[in-house]
Amino acid sequence: MSDIFISYSSHDREKAKQLTELLVSAGLSVWIDQSGIEAATSWSKEIVDAIDLCKAFIVMLSPHSIASVNIVKEVSLAAEQKKKILPLDIEPVELPSELRYHLAGLQRTSMSNIDAVIRALGKLGIEATQAPSLQLVKETVGKKSLMILPFEDFSPTADNEWFTNGIVGELIQSLSTVKALRVMDAQTTKEFKSYKGHLTVYAKEMGIRYFVQGDVRKFGDNIKINTRLLDIESGDHLWQDTLKGTMEDIFDIQEQVAAKVVEGLKIYLTSDQKKKLVERGTENTEVYELYLKAVEYFARQTKEGFQLAIGLFSESIRLDPDYVNAYSYKANALTALYRTYERNPQLLEEAESLCREALRLKPDFLVVYQPLSQVYMYQGELSKAEETAKEYIRKAPEDSLSHFSLGFLYSNVGQHSKAIAPYEEAVRLESDRRAALFNLTVSYDATNETQKRMHWATAALPIEERHLKLHPDDETSRMQYAILLHFSGHTDEPLREARILKSARDGATLYNTACLFGMLDQKQEALATFRKAIEAGFKNLGVMKDFLVEEYEGIASLIGTLEYEEVKLLVEKLETEQNAEKTNV
């Protein structure tokens, strides 16, 4: 049996395999469960036997592994058998109590420092027989941060910005499918145009190491694209290339550029990832431009944003009836509009029809399960909603959105304790998914788990701050930031942010700001802001009625006051109107 046992989360499988290859290349014998412990349906005898017979036990620590019940079981068994344990940090994490007990007093080593790992094993009595390859781990630990800078338009007429934006957008979408990359979004790229500082300063502030630069020359049907991959730390261009063709070649050219970026960063792609990298949603550049604009409006999470997005998605579908991405996003926009502003059942019926059509066109287009689950939820068919979300997870277990969808369902029907596990899984799969981090923090608050609420709020804050730095006018993000400040233990800042948000235009933002005022025990401001939310068109009757009666929001003591009774009448009027709408439909 092997001298070394490696314990790891299935989400860190690639890193575990890389570590195994390095240790084996150093002449060490290693046992590793090839599927990853969480992929198994039970804790197998083979794993227990491997721990029994190993000389050293390595546990790879990451946000994924520290939350795994099976990892805790493996560590516990190794500790009980007095195995020599070596904790390796894939990235620095705070140990939960279950692991802290067994790993107390043990020196943790960074996985990226393979020399230190070999020395640590030597101290445990397991000597390497030769030097390992150092390059593999150093290049593959963590996600590589990449930004596609706005391409310059060097066309003779200088009027092809729409074309250069389209090329950049397509590259961003393609490269975002590579799990080893953290690619800045299209909106960030657009807003970089107004940045006046030095690129090195920007890179440091935003935590970006690699940049794709480019310029485009378009004359008639002929195009020429120059691209370069810059490593900001070394100042070197890892490659630069020139591609020529006609408009008919544009998507081929984009695929070549994406492939060269991956090659330049020395990222290994599975066959499935290679397929996704070159997957085309549409061949129509006009359709894609409309789609990008619609996504931008949708991201604002406002009534106006949803309405504008729906119109643009509709036009995309009209021009390209096979463009399934537009079907899915439009369905999401319709359900979001229904949830917050317009309780019209026809919105849900259209959303369901779009989801069904997308699946007919492309049966493996699994992302459509998210809005479909929400449709069933809002229609009151909770069992169908739950089964749809779970089916999404079964078909796409490595997709952060699939787990987020199930968590969203549970939290929206008040089952906050059940929402926690899928939200945590969503965060482990995509550590900077802002919505999952925020909703997870809210779920822990709803279950009165103060310590975990503070932990996740603290983790979410820098990600929300980074987003706000890029998108300072995003009211939804600023509202979430203010609530996270409160949940993470800040005192003055949440109230300051809440008072800024009183001037927000969006009803949902105002409602959540009212909730924050309630949490901060600012009862009068909570009630006044709640009234502004109603006046701005907020129509989520369920949460509005809860707000008026729950002590959690801090305004129950105002019952009977003139202000409270006036707001209560507004809610009752809204309920009457919604009931009348249901009767008329």
Taking Lys138, is it surrounded by 15 or more Cβ atoms within 10 Å (Cβ to Cβ) and either under 30 Å from Ala258 (Cβ atoms) or modelled with pLDDT of 85 or more (or both)?
no
Ala26: passes all of (1) modelled with pLDDT under 90; (2) open to solvent by 40 Å² or more (accessible area, probe 1.4 Å) but (2)
Exactly one of Glu424, Glu387 is assigned to a helix (DSSP H, G or I), out of contact with any Ser or Thr (no Cβ under 7 Å at 6 or more places or on another chain), surrounded by 18 or more Cβ atoms within 10 Å (Cβ to Cβ) and not hydrophobic (A, V, I, L, M, F, W, C), and that one is Glu424
Checking Lys196 against (1) touching a Pro at 6+ places or on another chain (Cβ under 7 Å); (2) part of a loop (DSSP other than H, G, I, E, B), only one condition comes out false. Which one?
(1)
Pair list, Cβ < 7 Å and 6+ apart or interchain, from segment 168-180 residues that are closer than 14 Å to Lys190 by Cβ and in contact (Cβ under 8 Å) with a residue 24 or more places away in the chain to residues that are part of a loop (DSSP other than H, G, I, E, B) and open to solvent by 50 Å² or more (accessible area, probe 1.4 Å):
Ile172/Asp185
Criterion first (of a type outside the set (D, E, K, R), touching an Asp or Glu at 6+ places or on another chain (Cβ under 6 Å), part of a helix (DSSP H, G or I) and at pLDDT 70 or above) does Val287 satisfy it?
yes
Looking only at residues that are farther than 28 Å from Asn579 by Cα and more than 24 Å from the chain's Cα centre (by Cα) in segment 342-361, which one is surrounded by the most Cβ atoms within 10 Å (Cβ to Cβ)?
Glu357
Residue check: is Ser68 farther than 15 Å from Cys54 by Cβ, open to solvent by 30 Å² or more (accessible area, probe 1.4 Å) and among the polar types (S, T, N, Q)?
no
Which of the following residues is under 27 Å from Phe306 (Cβ atoms) and surrounded by fewer than 17 Cβ atoms within 10 Å (Cβ to Cβ): Asp546, Asp492, Asp506?
Asp546
Would you be able to say whether some residue in segment 401-419 is within 18 Å of Asp185 (Cβ to Cβ), in contact (Cβ under 8 Å) with a residue 24 or more places away in the chain and either open to solvent by 50 Å² or more (accessible area, probe 1.4 Å) or assigned to a helix (DSSP H, G or I) (or both)?
yes
So the check is Cβ under 6 Å with 6+ separation or different chains; which pairs have a first residue in segment 386-399 that's closer than 12 Å to Leu429 by Cα and a second one that's open to solvent by less than 30 Å² (accessible area, probe 1.4 Å) and part of a helix (DSSP H, G or I)?
Ala396/Ser402
Of all residues in segment 299-314 being open to solvent by 30 Å² or more (accessible area, probe 1.4 Å) and touching a Phe, Trp or Tyr at 6+ places or on another chain (Cβ under 6 Å), which is farthest from Asp506 (Cα to Cα)?
Leu308
Of residues in segment 185-214 being aliphatic (A, V, I, L, M) and surrounded by 14 or more Cβ atoms within 10 Å (Cβ to Cβ), the one nearest to Val168 (Cα to Cα)
Ala186
Mind listing just one residue for me: the one in segment 331-384 that is part of a loop (DSSP other than H, G, I, E, B) and free of Cβ contacts under 8 Å to residues at least 60 places away in the same chain and, of those, nearest to Phe298 (Cα to Cα)?
Phe365
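The values are calculated or read from the model by the stated rules, or taken from the named source; none is laboratory data. Model, not experiment: these values are computed from the prediction. Counting neighbours? That spans all protein chains shown, and the Cβs are built from the backbone with ideal geometry, glycine included. Ligands, DNA and RNA are stripped out before the accessible areas are found, and what is left, the full protein with its side chains, is counted by its heavy atoms. Shrake-Rupley method; radii C 1.70, N 1.55, O 1.52, S 1.80 Å.
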